[in-house]
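The values are calculated or read from the model by the stated rules, or taken from the named source; none is laboratory data. All values derive from a computational prediction rather than experimental measurement. Counting neighbours? That spans all protein chains shown, and the Cβs are built from the backbone with ideal geometry, glycine included.
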Ligand code: SAM
Ligand code: SF4
């Protein structure tokens, strides 16, 4: 009798992993697997992992430990690890975890079907974590032009050459490459044709798109081409490195109608001394000057940021410089992280005498300040009528739909799923920490 095979996939980390996981789903469906939502129902369990902080990495080991009893019960179960921890650890993961069957790195997602089939038929344990050459990587860029969502990520570049001193990404994702613009634009047009209305262009540092000669046009030019694409209503991009945020790109916020008035522009620290030790390539003043220019071309732009607390050697004065920068910029949201030493990075070699409790205390102060600022932004939305691009039914399943404002805030309001893909005016009636509640105006 034909037995359908089932897989369970768990994804950790950033948008790059989300896109890789979409590809994993396609590849596994191609060899007869169906996705399930319970690990206990699966014949194959895969974890797509993140190594950016120690906590993220430990989480992976924690989850794998939880799947081990399933493997004890059912020795035919295949257990695999992909993504950044797989890339970092490689074969060592198989040595550490006797119950693991396969390990695939960030450049080897395309090999997954043959690896799974090798484990199925020969019960061999395998690993593939070689970095590929540029030409092969360009041929293997993830492309997905089907599906039924209103918003989609489109990868424009991969890898990173910046080597910020704290960051593992260049070590586990490899060198930076940009995808040819013709391919990006083709994918965007195909997505528009199947109903996608919002495109988020993604890469570790999208601002350096095309800088190395690939991609042929600047990132600003690419945005202008997408702006002219029929069917696409909104454009976003992430992540922007401040040092590569050109005037040409800043001007796009004034000239391109579909580009949303929000930018995620990670500052990491407000202290020049720490920024230099982080190898970020800009000073506090240079960062603030770019913020001023953004606000000049697009007065209602909102900014969000990433900030690291407790970088090795961070003094109270350095930390206060970060707080003062936050008060000056007034970010709508900040993703803040306690510094975590990563293997192979330059910062991991720096002397570090800051006690964990001191780091935590600074982190708490930063969170409290940001919460005050964010509350003001949320309150400013109250009573306003904002355009919401509807994405689908709310997760609560209570007759509501959800969508996002141009500032990227989630709004829930009464409505049915036929609104998906439409931009509707919604009056904001209540504001919460992570989302707004509203009522639709035009019916
Ligand atoms: N490429 C993006 C950029 O340059 O902003 C994001 C890269 S990383 C996946 C996301 C965020 O994680 C970074 O912006 C940084 O704030 C944080 N991060 C990276 N390495 C870290 C570390 N070792 N400890 C704490 N936070 C870290
Ligand atoms: Fe990491 Fe810096 Fe590259 Fe971002 S730009 S991925 S923080 S090395």
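Tabulated data for the structure shown
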read-out: Looking only at segment 339-358, and only at residues there that are surrounded by fewer than 19 Cβ atoms within 10 Å (Cβ to Cβ) and assigned to a helix (DSSP H, G or I), the one that is farthest from ligand 2 (Cβ to nearest atom); value: 357
read-out: Within segment 1-83, strands (runs of 3 or more DSSP E) holding 2 or more residues that are more than 22 Å from residue 98 (Cα to Cα) and more than 16 Å from ligand 2 (Cβ to nearest atom); value: 5-11, 33-35
read-out: Segment 157-181, residues that are within 13 Å of ligand 1 (Cβ to nearest atom) and within 18 Å of residue 138 (Cβ to Cβ); value: 157, 158, 159, 160, 161, 173, 176
read-out: Evaluation of residue 271 against (1) within 16 Å of ligand 2 (Cβ to nearest atom); (2) surrounded by 20 or more Cβ atoms within 10 Å (Cβ to Cβ); (3) within 18 Å of residue 166 (Cβ to Cβ); (4) without any contact (Cβ under 8 Å) to a residue 60 or more places away in the chain (one fails), failing number; value: (1)
read-out: Odd one out for residue 336 among (1) out of contact with any helix residue (DSSP H, G or I) (no Cβ under 6 Å at 6 or more places or on another chain); (2) surrounded by 12 or more Cβ atoms within 10 Å (Cβ to Cβ); value: (1)
read-out: For residue 362: the one exception among (1) assigned to a helix (DSSP H, G or I); (2) surrounded by fewer than 19 Cβ atoms within 10 Å (Cβ to Cβ); value: (2)
read-out: Residues of segment 164-199 satisfying the condition of being within 14 Å of ligand 2 (Cβ to nearest atom) and outside any helix (DSSP H, G or I); value: 164, 165, 166, 167, 168, 174, 175, 176, 177
read-out: Residue list for segment 416-431, restricted to those being assigned to a loop (DSSP other than H, G, I, E, B) and either touching a helix residue (DSSP H, G or I) at 6+ places or on another chain (Cβ under 8 Å) or at pLDDT below 95 (or both); value: 416
read-out: Meets criteria (buried (at least 17 other Cβ atoms within 10 Å of the Cβ), over 30 Å from residue 279 (Cβ atoms), over 21 Å from the mean Cα position of the chain (by Cα) and more than 16 Å from ligand 1 (Cβ to nearest atom)) for residue 230; value: no
read-out: Conditions (1) buried (at least 21 other Cβ atoms within 10 Å of the Cβ); (2) on the phi < 0 side of the Ramachandran plot: number failed by residue 310; value: (2)
read-out: Candidate set: segment 255-268, residues that are more than 23 Å from the chain's Cα centre (by Cα) and part of a loop (DSSP other than H, G, I, E, B); chosen: the one surrounded by the fewest Cβ atoms within 10 Å (Cβ to Cβ); value: 257
read-out: Segment 109-133 - residue that is touching a residue at least 24 places away in the same chain (Cβ under 8 Å) and in a loop (DSSP other than H, G, I, E, B) and, of those, surrounded by the most Cβ atoms within 10 Å (Cβ to Cβ); value: 129
read-out: Condition met for residue 291 (crowded, with 21+ Cβ neighbours inside 10 Å, under 23 Å from the mean Cα position of the chain (by Cα), within 24 Å of residue 359 (Cα to Cα) and away from ligand 2 (no atom under 14 Å from the Cβ)); value: no
read-out: Among the candidates 236, 280, residue that is within 21 Å of the chain's Cα centre (by Cα) and in a loop (DSSP other than H, G, I, E, B); value: 280
